[in-house]
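Single-structure report; data block below.
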Amino acid sequence: MKDKETKDQPGSQDEGKLHISKSVFQTTKEMQQKRLEEQRRQEEEIQKKLAERERRAREARDRRLEEERKELIRLKQGLIQESETIHEEHEDEVQLGFFKKIGNFFYHNKWWLGIGVFCAVVVSFLVYSLVTKPRPDMIVLVIGEDQAVGDSEIGQYFEEFCPDNNGNGKKLVEVYYMPYSESSQKNYANGVDTKLTAELQSSDSVVVIGNKTAEELFKENDIFADLTERYPGNSHVSGWKFELEDTSFAQHIGVDSEHLDGWFLAVRRPQDLMYTDSSDMKKTFDRDIAVVDAVIADLSK
């Protein structure tokens, strides 16, 4: 009967099993929670100990610094002659070998050494260029804004009449083109004023080819030789100017004749200048005037 009653109770065994399983899972979960709580408690204890250790170290350091500060004040005031608290620390000197010393020097001075090497290369290049670059036999200043004239064959034309003054077996006439205009702002932006001043204060060149704007610049300054005395009766000569617009100069230098409207040729007379004196300028004048004589004779045919 009991077995029958037991059997007649539906789910009694399953419920027992379920309660047992639930009890096991719950117990395991509780044990895990206890372990986690214990771990957290241990970690908190460790953190507290570390914090306490750091606090004590910080307080000890602050006390030491305060004692050293007080000791330093007493030393400065002359109350004590020697301090037992403050000790001067000397770092052990590291002995480096010869090659390590060289490497250490280059390492700590690499930027200055780089700048020095760069400057040395630039200076060497400039010196080399100055030494090896041949000096021209003659220099012609072209003053006036016209790129066609500035890029023309003026140098080649003058070379036809220029001797080999530097004795290197070649004839070279340099043309310095300075696009001087009526706009002072434009002249400043292009550096024309600086270049023009530098050239007119040296004795490297006395021959000038200029336009109407240049004439306005020079007419108030007595810097050119009077050509009427040297070329009397020449129809192209007007005071210190040899007018180029009605000559064959345009064909010789390879430009259209309209580009030479108002252009002239002039020769600077010897005088004392900022970068030279009249004697040096006289040498350049005597050398270049022979070429000017030949050019004017050719253009006056």
Selection count, region 264-280, where residues are touching an Asp or Glu at 6+ places or on another chain (Cβ under 8 Å) and assigned to a helix (DSSP H, G or I): 1
field: Matching option when the condition is of a type in the set (A, V, I, L, M) and at pLDDT 90 or above, among 200, 172
entry: 172
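Residue by residue, here is whether (1) surrounded by 16 or more Cβ atoms within 10 Å (Cβ to Cβ); (2) assigned to a helix (DSSP H, G or I); (3) outside the structural domain of residue 244 (by TED's automatic domain parsing); (4) polar (S, T, N, Q) holds:
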residue	(1), (2), (3), (4)
158	yes, yes, no, no
161	yes, no, no, no
185	no, yes, no, yes
188	no, yes, no, no
194	no, yes, no, yes
203	yes, no, no, yes
query: Taking region 207-243 as the search range and keeping residues that are assigned to a loop (DSSP other than H, G, I, E, B) and closer than 25 Å to residue 182 by Cβ, which one is nearest to the chain's Cα centre (by Cα)?
result: 211
task: Among residues belonging to region 121-139 that are at pLDDT 80 or above and outside any loop (DSSP other than H, G, I, E, B), point out the one that is farthest from residue 205 (Cα to Cα).
output: 138
task: Sort out which residues of region 244-263 are in a helix (DSSP H, G or I) and out of contact with any helix residue (DSSP H, G or I) (no Cβ under 6 Å at 6 or more places or on another chain), and write them in order of number.
output: 251, 258
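Scan 255, 237 and give me the residue that is surrounded by fewer than 21 Cβ atoms within 10 Å (Cβ to Cβ) and among the hydrophobic types (A, V, I, L, M, F, W, C).
When all the criteria are applied, what remains is 255.
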task: Being in contact with a strand residue (DSSP E or B) (Cβ under 7 Å, 6 or more places away or on another chain) and either of a type in the set (Phe, Trp, Tyr) or more than 20 Å from residue 296 (Cα to Cα) (or both) narrows it down to one of 182, 216, 199, 220, so name that one.
output: 199
query: If you go through region 164-182 one residue at a time, how many are assigned to a loop (DSSP other than H, G, I, E, B) and either surrounded by 13 or more Cβ atoms within 10 Å (Cβ to Cβ) or basic (Lys, Arg) (or both)?
result: 8
message: Going through 207, 237, 291, 267 one at a time, which residue ends up being touching a Cys at 6+ places or on another chain (Cβ under 8 Å), assigned by TED's automatic domain parsing to the domain that holds residue 176 and among the hydrophobic types (A, V, I, L, M, F, W, C)?
response: 291
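The values are calculated or read from the model by the stated rules, or taken from the named source; none is laboratory data. Treat the numbers as computed from the prediction; the structure is a model and nothing was measured. We place every Cβ from the backbone using ideal geometry, glycine too, and count neighbours over all the protein chains shown.
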